[in-house]
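First comes the structure, then the notes that go with it.
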Amino acid sequence: MRKLLIAALLLHIVNIGIAQTKELPKIFINCQQTRCYTDYIKIELPAFTFVRDLDQSDVNILITSNGNASGGRTYQLYFSSKTRPQIKKDTISFFVRQDDTEDLARKKLLNTISYGLLPYLKGTELEQNTKISFAKIKPAAIVEEKDQWNRWIFGLGANGRLEGESNRKEVRLDANVRGGQTTEKSKFSFYTYFSQKSNSVNVDSVLNTVKTNNYGFNSLYVRSFSDHWSLGGFMKGYHSVYQNIKFSKSIAPALEFSVFPVKDFNSKQLRWIYQAGVLDLDYIETTIYDKIEETLPYQQVTGILGFTQPWGNFSAELSGFQYLHDLERYRLSLELDLSLRVAQGLSVRFYGNGSQINNQISLAKSSGDASSVLLGGRQLATTFSFNTSFGLNYTFGSLNNSIVNPRFSGVN
């Protein structure tokens, strides 16, 4: 009798397990600072239930993306499950080209999510109704073609902005030329830019106009010689009316150490970059230190920490800049960005950056007129700067309602 009871109990447990596996998994889309087309995914996958809390899900899909060398974006999707630990975690990547339309991008994401969900369909009713198709391509088509550009990519860009009212007008024009070559072991990139801005305000029938322009270039080369170490350098130059810089140019060798292997940067990173170089400065006006030009040595160290996990994401950047001719001339900056899921339906977000500033050697000796300062045409002396934002979001109610209804959406 005891054996029969044990057998009956085991059979009951097995039946419960089978019943559970026949249920379609509940899905949580954990979108981390990228475009995830959530409504589109819900509409195209109506058989699944999409929940809004990680703890209520059977499948957690963590989605991240990064800009790639061709100007597009590379997506990474991480599939995991706490309720079905027998299914191994998986990572799938795909890329979106710079010229891909929004429809192409969201279809690629949909296909990738569908592919990643296949292991979770085993034993469910949907397993028998799932159809898989492959693109019909000739075997020769999958042979990698020779890259006639040898991984070099170039780009041109320009944009304008016009904004105004009866007594106020702002005009801005921007243009840039960029390019580079990126391989697994090395990277070279350059970026040149030009920007012109005009602000006009009419106060008491008096028109005040301030025009500023800046232009310059940035370039870098870096080559890795292990999973943790890289060596390279920076070369920069720029003109800025706002900063009283006629032209500034610098060159600096640099060394980077990554605590974690570089291949893990989508989920975690801790990197330190040290550079030491020479900065040559020509000023538009005589500075507060009675200089019209000077050449100075400097050093800079930057630490970058980042985590992208199911609980959210956190990033921090600490940077210190210092002139070597006078160690009291320095700038220390910290930037923090946190998005955290605290509990079911509750999330918080915080962003902040701040700097301690003691390196404004380019400040003009003359004070300038008030209109130039008020309209953003002249830099003021300061010992610090900061910028912060924060928020809290709490959602409660149905966890399993994944219906999308677009009616009346987008109406102001």
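As for the stretch 82-91, it holds no residue that is touching a residue at least 12 places away in the same chain (Cβ under 8 Å) and either among the aromatic types (Phe, Trp, Tyr) or buried (at least 18 other Cβ atoms within 10 Å of the Cβ) (or both).
Does the stretch 304-313 contain any residue that is assigned by TED's automatic domain parsing to the domain that holds Arg223 and assigned to a loop (DSSP other than H, G, I, E, B)?
Scanning the stretch 304-313 turns up at least one residue that is assigned by TED's automatic domain parsing to the domain that holds Arg223 and assigned to a loop (DSSP other than H, G, I, E, B).
Considered as a group, the residues in the stretch 268-301 that are among the polar types (S, T, N, Q) and surrounded by fewer than 15 Cβ atoms within 10 Å (Cβ to Cβ) include one that is farthest from His325 (Cα to Cα), and that residue is Thr286.
Can you find a residue in the stretch 188-204 that is modelled with pLDDT under 85 and either over 24 Å from Ile251 (Cα atoms) or of a type in the set (Asp, Glu) (or both)? For the stretch 188-204, residues modelled with pLDDT under 85 and either over 24 Å from Ile251 (Cα atoms) or of a type in the set (Asp, Glu) (or both): present. Among the residues of the stretch 143-184, those identified as touching a residue at least 24 places away in the same chain (Cβ under 8 Å), under 22 Å from Asn208 (Cα atoms) and of a type in the set (D, E, K, R) are Arg168, Lys169, Glu170, Arg172. Would you be able to tell me the number of residues in the stretch 302-336 that are crowded, with 16+ Cβ neighbours inside 10 Å, of a type in the set (A, V, I, L, M) and out of contact with any Asp or Glu (no Cβ under 9 Å at 6 or more places or on another chain)? Residues meeting the conditions: 1.
Considering each residue of the stretch 267-303, count those that are among the acidic types (Asp, Glu) and outside any strand (DSSP E or B), and give that number. I'd like the intermediate steps shown before the answer.
Residues of the stretch 267-303 among the acidic types (Asp, Glu): 280, 282, 285, 290, 293-294.
Going one step further and asking which of them are outside any strand (DSSP E or B), we end up with 285, 290.
Residues in the stretch 267-303 being among the acidic types (Asp, Glu) and outside any strand (DSSP E or B): 2 in total.
The residue list Val171, Val96 contains one member that is at pLDDT 90 or above and touching a Leu at 6+ places or on another chain (Cβ under 9 Å), which is Val171. Scanning the stretch 92-124 for residues that are free of Cβ contacts under 8 Å to residues at least 40 places away in the same chain and either part of a loop (DSSP other than H, G, I, E, B) or basic (Lys, Arg) (or both) turns up Arg97, Gln98, Asp99, Asp100, Thr101, Lys107, Lys108.
Step by step: first the residues of the stretch 314-330, then only those that are assigned to a loop (DSSP other than H, G, I, E, B) and farther than 16 Å from Ser250 by Cα, then the one that is nearest to the chain's Cα centre (by Cα). Which residue is that? Write out each step before concluding.
If we filter the stretch 314-330 for residues that are assigned to a loop (DSSP other than H, G, I, E, B), which is where we start, we get 324-329.
If we keep only those that are farther than 16 Å from Ser250 by Cα as well, we get 326-329.
Numbers: Asp326: 35, Leu327: 33, Glu328: 33, Arg329: 31 Å.
Selected residue: Arg329.
Checking each residue in the stretch 45-81 for being touching a residue at least 24 places away in the same chain (Cβ under 8 Å), of a type outside the set (A, V, I, L, M, F, W, C), buried (at least 16 other Cβ atoms within 10 Å of the Cβ) and outside any loop (DSSP other than H, G, I, E, B) picks out Thr49, Asn60, Thr64, Ser65, Arg73, Tyr75, Gln76, Tyr78, Ser80.
Assess whether Lys211 counts as being in a strand (DSSP E or B) and in contact (Cβ under 8 Å) with a residue 40 or more places away in the chain.
Values: in a strand (DSSP E or B): yes; in contact (Cβ under 8 Å) with a residue 40 or more places away in the chain: yes.
So Lys211 fits the description; yes.
The set of residues in the stretch 332-346 that are at negative phi and part of a loop (DSSP other than H, G, I, E, B) contains only Gln344. Taking each residue of the stretch 315-343 that is within 21 Å of Leu305 (Cβ to Cβ) and looking for partners that are crowded, with 17+ Cβ neighbours inside 10 Å and aliphatic (A, V, I, L, M) with beta-carbon atoms closer than 8 Å, six or more apart or interchain, yields Ser315/Ile304; Ala316/Ile304; Glu317/Ile304. Has the stretch 349-362 got at least one residue that is β-branched (Val, Ile, Thr) and either exposed (fewer than 14 other Cβ atoms within 10 Å of the Cβ) or more than 23 Å from Ser250 (Cα to Cα) (or both)? Within the stretch 349-362, none of the residues are β-branched (Val, Ile, Thr) and either exposed (fewer than 14 other Cβ atoms within 10 Å of the Cβ) or more than 23 Å from Ser250 (Cα to Cα) (or both). When the stretch 75-123 is filtered for residues that are under 24 Å from Asp53 (Cβ atoms) and aromatic (Phe, Trp, Tyr), the ones remaining, listed by number, are Tyr75, Tyr78, Phe79, Tyr120. Among the conditions (1) at negative phi; (2) touching a strand residue (DSSP E or B) at 6+ places or on another chain (Cβ under 8 Å); (3) at pLDDT below 80, the only one that Trp152 does not satisfy is (3).
Could we say that Asn359 is modelled with pLDDT of 90 or more, more than 24 Å from Asn208 (Cβ to Cβ), touching a Lys or Arg at 6+ places or on another chain (Cβ under 8 Å) and assigned to a loop (DSSP other than H, G, I, E, B) here? When the stated conditions are applied, Asn359 passes them.
The values are calculated or read from the model by the stated rules, or taken from the named source; none is laboratory data. The model shown is predicted, which means the values in this text are computed figures rather than measured ones. FYI the Cβ positions are ideal-geometry reconstructions off the backbone, even for glycines, and counts take in every protein chain you see.
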